[in-house]
Amino acid sequence: FALNDSEARIFHTRHEGGAAFAATESYFASGRPTAVCVTTGPGLLNALTGIFAAKWDGAKVILISACTNPQNNGRWAIQETSHYTMPMDGLFTSGVIFDYAIQVQDCKELDQIARRLELGLTRPQGFVAHISLPVTMQAAKLRLRRDTTCTQVIETPCCTELVDKCLKTLGKEHFAIWVGFGARHASDEIRYLAEKTGAAVMCTPRAKGIFPETHPQYIGVTGAGGNESVEEYFQYNRPAYTLVLGTRLGEASSFWDQKLLPQKGLIQVDVDKNSLGVAYPCAPVIGVLSEVKSFVRRLAEAIDPVGIQERCVVQSLPKPEKIQYRTSGPIRPQALMQAIQDVIIRRSDALVMSESGNSFSWANHYLRFPSPGRYRTSAEFGSMGHMVTGVVGAALAKDAKAVALVGDGAMHMNNEISTAVKYQAKAVWIVLNDSRYGITFQGVTALGRKPFETELPPTNFVKMAQSLGGAGVRLHKESELVFGLKRAMSSKKPFVVDVMIDRDEISPVIRKRASTVKNQLKN
């Protein structure tokens, strides 16, 4: 009741997992921390996948759950949530899942808990917390005894010695810049450094747009769905060093590709010490524990471009060839991406999100963003159902159009169309509908094996949306794409674009990885 009477905006989703994914994307869309409230037992457990995604992606989310009243522990209460039924370590304690977690025993603890949450939410990296409250305590009346003075967190300035060391290491050397999602607040500084030195710039999937993908010094995206132009650049213009900014260089970001290693080593900058030097254990790494923006600013101001610019020969990412739309179906995913680029990216400021699977691969490879904050994907954790529900949280947080590119498998797994309709979220789902788990089918086939249990019954997602109060259009031909996407972007209702794609078109990630995996299996 207190929440209902407060100024907090409250949204009720149809599933706790949807709430957690929506909260994660609400944070990234708005920059404001979000809370997820769940019940005991299955309510708590249902939310965990989305909470894991929040932790992996660096969101700021607080999970508030109910637990069984202490006097009823061990008595098989309905949905009992206690040390008798669940492991306390991990779920109710700080560690791998939660940066801070506590099962509250007394209302007097709440002052200290509020202070710990405040401190966690002011740090530069993500913060995921879990506050578990016994049911009886939720109805207790109390007054926090905190004064009005907020905790002040002073950001540690970038160490001068670290900048000097990096300057000496780079010297007059030819270097490249590898941009990650952790550098999203340093877009201007990175561009200034790149243009001052002439360095080539590549990015991980989550970092698309932080450095303009239309810039002549941009050479492409790495990892899942990456561009061949990056490997070509390293083949013919291998830099002495690579400056890695705000990325762990995990599998989806780099595939740990040895061909992307520079001649002498990496300089890796991150706020998380556990990210430094782990992706390429055999490569020399200078780890810099620092917030990216301040480090790059000081490095750019101090670096002397003379000599570096002379060594840099940048072969920018080539413009994609214009696709002529076919007048008969099915629709090639490449043509769909071209239409999305023309209608949504160029003609609107809508946030574009891609779900794990082939939709993620197609979007990473073909879509190009000229500015930061336009693209979201969850590359590393890669949970199906993330963006089909996250798009609702993003649309509500921005009160603006948010567009999710999703597969039909993910759309079946976990969507919140009903939630979007209830709150009139300006959400759009573009469904790559091939009646199968496409990335699984293509991956297994590429290995020379026979796929099993990858087919799905044909589904009309427009009718699904309409039955829930939304709207939609079903597209069978490429010549319908522009019309269909314009309808979606002008609709006042949550909208589904059901695209019947050509299931025989192999996604970029499968094309790139199949031969590598085959060799691994042989060895």
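Computed from backbone phi with θ = phi - 60° and the Karplus coefficients 6.51, -1.76 and 1.60, the 3J(HN,Hα) list for segment 181-196 is 4, x, 9, 5, 8, 10, 4, 5, 5, 5, 5, 4, 4, 5, 5, 5 Hz; x is used for glycine and proline. Backbone amide hydrogens, once placed in the peptide plane, bring Ala176 within less than 5 Å of Tyr241, Thr242, Leu243, excluding anything fewer than 5 places away on its chain.
Over segment 1-108, the hull volume per residue, using the convex hull of the C-alpha atoms, is 122 Å³. Highest mean packing comes first when the peptides 182-191, 339-348, 6-15 are listed by Cβ atoms within 10 Å, giving 182-191, 339-348, 6-15.
If you plug the beta carbon distance of Arg32 and Ser328 into 1/(1 + (r/R0)^6) with R0 = 56 Å, you get a FRET efficiency near 0.75.
Extension gain for the segment Phe483 to Ile64, taken as residue separation times 0.36 nm less the Cα-Cα distance, is 146.5 nm to one decimal.
Mark the label point 7 Å from the Cα of Asp504 along Cα→Cβ and return the residues of segment 315-356 whose backbone N is within less than 15 Å of it. Residues 328-333 qualify, since their backbone N sits under 15 Å from the label point.
The helix-based estimate of mean residue ellipticity at 222 nm for the chain, built from -39,500 (n - 2.57) per DSSP H run of four or more residues and divided by its residue count, is -10000 deg cm²/dmol to the nearest 500. A simple spin-label model places the labels of Thr160 and Ala140 5.1 nm from each other, with each point 7 Å out along Cα-to-Cβ.
For Ala35, the residues whose modelled amide H falls within less than 5 Å of its own, excluding neighbours fewer than 5 places apart on the same chain, are Ile62.
Can you give the percent of C-alpha pairs in segment 347-471 whose distance is more than 23 Å?
Result: 32 percent of Cα pairs exceed 23 Å.
How high is the relative contact order of the chain? Use alpha-carbon pairs under 8 Å, at least six apart in sequence, and give a whole percent.
Details: 1078 pairs, mean separation 74.3, N = 523.
Answer for the chain is 14 percent.
Working note: Karplus 6.51/-1.76/1.60 with θ = phi - 60° gives segment 13-19 the couplings 8, 8, 8, 5, x, x, 4 Hz, where Gly and Pro are set to x.
Put a dot 7 Å past the Cα of Glu301, heading toward its Cβ, do the same for Asn274, and the two dots end up 3.3 nm apart.
Shown in residue order for segment 22-29 are the 3J(HN,Hα) couplings computed by the Karplus curve 6.51 cos²θ - 1.76 cosθ + 1.60 at θ = phi - 60°: 5, 5, 4, 6, 4, 4, 5, 6 Hz (x for Gly and Pro). In this rough spin-label picture, where each label sits 7 Å from Cα along the Cβ direction, the Thr93-Leu456 distance is 4.0 nm. Taking 16 Å as the straight-line reach from the Cα of Lys486, the lysines in range (excluding those fewer than 8 positions away in the same chain) are Lys401, Lys426, Lys477. Averaged over residues, the count of other Cβ atoms within 10 Å places the peptides 52-62, 244-254 in the sequence 244-254, 52-62, highest first.
In this structure the amide hydrogen of His130, modeled in the peptide plane, comes within under 5 Å of the amide hydrogens of Leu63, Tyr100, Ala101, Ile102, none closer than 5 places in sequence on its chain. Partners of Lys450 within straight-line reach, counting aspartates and glutamates whose Cα lies under 16 Å from its Cα and excluding those fewer than 8 residues away in the same chain: Asp504. Here segment 187-201 and segment 15-81 have alpha carbon centers that stand 40 Å from each other. Note on segment 214-238 and segment 387-421: Cα centroid distance 31 Å, given to the nearest whole angstrom.
Computed from the coordinates by the stated procedures, all read-outs in this text should not be read as laboratory data. Quick caveat: nothing in here was measured; it's all calculated off a predicted structure. Please note: Cβ atoms are built from the backbone with ideal geometry, for glycine as well, and neighbour counts cover all protein chains shown.
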